[in-house]
Amino acid sequence: MPAQKHIAILGAGPGGYVAAIRAAQLGASVTVIESHALGGVCLNWGCIPSKALLSVVELGDKVKKSEDLGLLVPGPVTYDLARMIARKNKVVATLVKGIATLFKAWNIEHVQGTGSLRDRRTVTVSGDGGMRDIQADAIVIATGSSWPNLSQFPIDGTQVLTSQHLLDLDIIPASLLIVGGGVEGCEFAALYSGLGTVVTIIELMPRVLPLEDEEISSTMGRELKKRGVTVLTGTTVDRLERSSSTITVHLKEGGEIAAEKLLVSVGRGLNSHGIGLERVGVRMGQRGEILVNERMETTVPGVYAIGDVVGKVMLAHVASAQGKVAVENIMGLEASVRYDVIPAGIFTLPEIGRVGLTEQQARKRGEAVGQNPDVAVKVGRFRYAGVGKAQATGDTTGFFKVIAESSSGKILGVHIVGAHAADLVHEAAMAMQIGATVTEMAEMIHAHPTLAEGLMEAAEDVEEKAIHQVRNRI
Amino acid sequence: MIPKDLRYHQEHEWVRVSGTQATVGISHFAQDALGDIVFIDLPKFGAVVKAGQQIGEVESTKTTSTIYTPVSGTISKINSDLKDHPEVVNSDPYGKGWMVVIDLSSTNEVEKLMTAAEYEAFLASQKKG
């Protein structure tokens, strides 16, 4: 029997900790080096905490409308942010403990400290216990990314904040300015507008969520306005002016906005510096992203990199997938990541779920090979209001959109905005993963009454066959 | 359901002119086609608009539709009641469902819009199409 392989992993975020467990499952001995908490940004200061808080506002929104439903809740809805934060911390602690338990079960060693590569097979860890060298047969770098640090927006943790600070405020601010109307900016706008904060988003591009399908992002722009959020698109910040109680933003386009707090939601940095990469010859790109091949191996054999730090798709679940691929390759299997089917959620109110191409990308793709995009790409839509279950629960806002290739019926992309969108999109992701056609998705029996029927109807609408919809003539 | 004293745009907006001001709304035909209206996004007070330009959106339970201005000028009044009661556009499209008032930059544009009779014929021709 060959000697057991030892793998050292830098970082215990959703990339590193998942890689560690998969490696242990495959028989490796694993050491994980993490300077902060197990679970990384996603679990401690990102996905999980923000959803824990947003779920309360979602409930509050429902309670505000409860009288229409026949549920009488005396008195107005008020939020105790300190208690919301305490509960969020408990949720995070439970999940962090869960990872520690898994590590113990798989005999994975967790070393607290900051690791850097001393040579191609050695990681030096500096922590509370001094310095220590760890020898490994292979090294996986999963150091992730960090909060914005732009000279224009000096983060001070009291007025100029990152999302990390906003997840730990215990007093609801009267007003909040969000610079950047991307995923994070819109999620925090939904959260704080729900809490009663006066929210303004400043976005450089002509739309919020500029990378999403245009119909989805224009819907989100409208939904934010419905929540009372001021959305300034095509707008840039010229300079900040601070007093003890307010922060004033002067806009390049003229005008100024004052608020109590400012969230900087642009420009995440990659954590590829100060960890010895230059010393061992790991090559990086212009943004500091570690260059890797499809096996997740860097330019140095035996050194792998995964997650945000490789700068491909900065999502927790992509990091996890890359982590599994990296260690499977280390352990002698052949694995690679498929980037064409990556479902993703945006946790705004209402929620967004997406997979594959936007309509604009699908049309460009057709044009690039000389096709008429009006012919090459077919789109089906169906509104939540047409779904029986949505009417029954009162979640009538939103729509399903299915984009297909006309010639083959292949599903190119699916975009959903509305209740449970991020969960619902996985049916489409599965269909795409196995190469099912839009007709096959439409023909599959969908249970009644469910929101998933909306996806079936949108797939039917690609062929103008949706049952509960007349194609709009206006 | 097509008031005689108004002028109409091919995107189904109406205009009521009084001096150098024009009140703008959407027609009965438009509200009926849209169905139950749930949200109306209107332009900002003071915005300068050009005839044919998109100035807002109407969202109904069925669809979302763009509001175009039939005339050029400056937005001088917004019907803020529509924020909480967008359904008024369904019940009273030519009255309480008005959307904005525009200070006209030129009254000539109004003459180019359809009269009630022309709009009626336009709707009939659309149906056939």
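Bear in mind these aren't lab numbers, they're just calculated from the coordinates by the rules spelled out. Keep in mind that this is a model prediction, so the values were computed, not measured. Cβ placement follows ideal geometry from the backbone for every residue including glycine, while neighbour counts extend to all protein chains displayed.
The phi-based Karplus calculation (6.51 cos²θ - 1.76 cosθ + 1.60; θ = phi - 60°) puts the 3J(HN,Hα) values of the stretch B:116-126 at 4, 5, 5, 5, 4, 5, 4, 5, 5, 5, 5 Hz, whole numbers, x for Gly and Pro. For chain A, a crude dipole built from +1 on the beta carbon of Lys and Arg and -1 on the beta carbon of Asp and Glu, taken about the Cα centre, is about 560 debye to the nearest 20. Amide H to amide H, with H built 1.01 Å from N, A:Ile342 comes under 5 Å of A:Gly356, counting only residues 5 or more places away or on other chains. At each listed q (0.11, 0.16, 0.20 Å⁻¹), what is the log10 of I(q)/I(0) that the Debye formula gives for the stretch A:69-179 modelled as equal alpha-carbon point scatterers? Summing over Cα pairs of the stretch A:69-179 leads to -0.68, -1.06, -1.18.
Within the P(r) computed for chain A, what percentage of the Cα pairs occupies the region above 27 Å? Working shown, then result.
Values: 68243 of 112101 pairs.
The answer is 61 percent, as a whole percent.
Just how many % of Cα pairs in chain B lie over 17 Å apart, if you round to the nearest whole percent? Walk me through the numbers before you get to the answer.
Numbers: 4383 of 8256 pairs.
So the portion of pairs separated by more than 17 Å is 53 percent.
The modelled label-to-label distance between A:Thr248 and A:Glu278, using points 7 Å beyond Cα along the C-beta direction, is 4.2 nm.
Listed by chain and number, the lysines placed with their C-alpha closer than 22 angstrom to that of A:Lys97 are A:Lys51, A:Lys88, A:Lys324; residues fewer than eight positions away on the same chain are left out.
Return the calculated 222 nm mean residue ellipticity for chain A, to the nearest 500 deg cm²/dmol, obtained by summing -39500 (n - 2.57) across DSSP H runs with n ≥ 4 and dividing by the residue count. The partial results should precede the final answer.
Numbers: 16 runs with 161 residues, N = 474.
After summing the helix terms and dividing by the residues of chain A, the value is -10000 deg cm²/dmol.
Assign unit charges at the C-beta atoms only (+1 for Lys and Arg, -1 for Asp and Glu), then state the dipole size of the stretch A:402-474 relative to its Cα centre in Debye, rounded to the nearest 20. For this selection, approximately 180 debye.
In the distance distribution for the stretch A:160-264, Cα-Cα pairs more than 19 Å apart total 38 percent.
For the stretch A:115-199, run through the trypsin sites (Lys or Arg not before Pro) and keep only the ones in DSSP coil with at most 10 other Cβ atoms within 10 Å of their Cβ. Please list the in-between numbers first.
Working: sites: A:Arg118, A:Arg120, A:Arg121, A:Arg132; in loops: A:Arg120, A:Arg121.
Answer in residue order: no site qualifies.
Among A:Val231, A:Val91, what is the fewest-to-most ranking by other Cβ atoms within 10 Å? All intermediate terms of the calculation are to be shown ahead of the outcome.
Working: A:Val231 21, A:Val91 16.
By the 10 Å Cβ count, ascending: A:Val91, A:Val231.
Of all DSSP-defined beta bridges confined to the protein assembly as shown, some 70% are antiparallel rather than parallel. Neighbour counts of other Cβ atoms within 10 Å put A:Cys186, A:Cys42, A:Cys47 in the fewest-to-most order A:Cys47, A:Cys42, A:Cys186.
Peptide A:218-229 has a mean shielding of 2, counted as Cβ atoms of other protein chains within 10 Å of each residue's Cβ.
Count, for each residue of B:61-69, the Cβ atoms from other chains sitting within 10 Å of its Cβ, then give me the mean as a whole number.
Values: counts 7, 7, 7, 7, 2, 0, 0, 0, 0.
Taking the mean over all residues of the peptide, I get 3.
Put simply, the amide H of A:Val300, placed in the peptide plane, has neighbours under 5 Å in A:Arg283, leaving out anything fewer than 5 places away on its chain. Ranked by the mean number of other Cβ atoms within 10 Å per residue, highest first, peptides A:406-415, A:172-181 order as A:172-181, A:406-415.
Note on chain B: helix-only mean residue ellipticity at 222 nm, from DSSP H runs of 4+ residues weighted -39500 (n - 2.57) and normalised by residue number, equals -6000 deg cm²/dmol.
Which values of log₁₀ I(q)/I(0), to two decimal places, follow from the Debye formula for the stretch A:241-373 at q = 0.10, 0.12, 0.23 Å⁻¹ with a uniform point scatterer at every Cα? So the normalised log intensities are -0.58, -0.76, -1.27.
Near the amide H of A:Asp238, within less than 5 Å, lie the amide hydrogens of A:His250, A:Leu251, A:Lys252, all on another chain or at least 5 residues away, with H placed in the peptide plane. Each Cα pair under 8 Å and six or more residues apart adds its separation to the average, and for the stretch A:48-193 the resulting relative contact order is 21 percent. Please work out whether the stretch A:1-119 counts as rounded, prolate or oblate from its C-alpha gyration tensor, where a ≥ b ≥ c are the square roots of the eigenvalues and a/c under 1.5 means rounded, while otherwise a/b larger than b/c means prolate and anything else oblate? Prolate, because a/c is 1.5 or more and a/b exceeds b/c. Computed from the Kirkwood radius of its Cα pairs, the Stokes-Einstein diffusion coefficient for the stretch B:13-74 at 25 °C and 0.890 mPa s stands at 199 µm²/s.
Annotation note: trypsin sites (Lys or Arg not before Pro) in the stretch A:14-103 located in DSSP loop regions with a Cβ neighbour count of at most 14 within 10 Å are A:Lys65.
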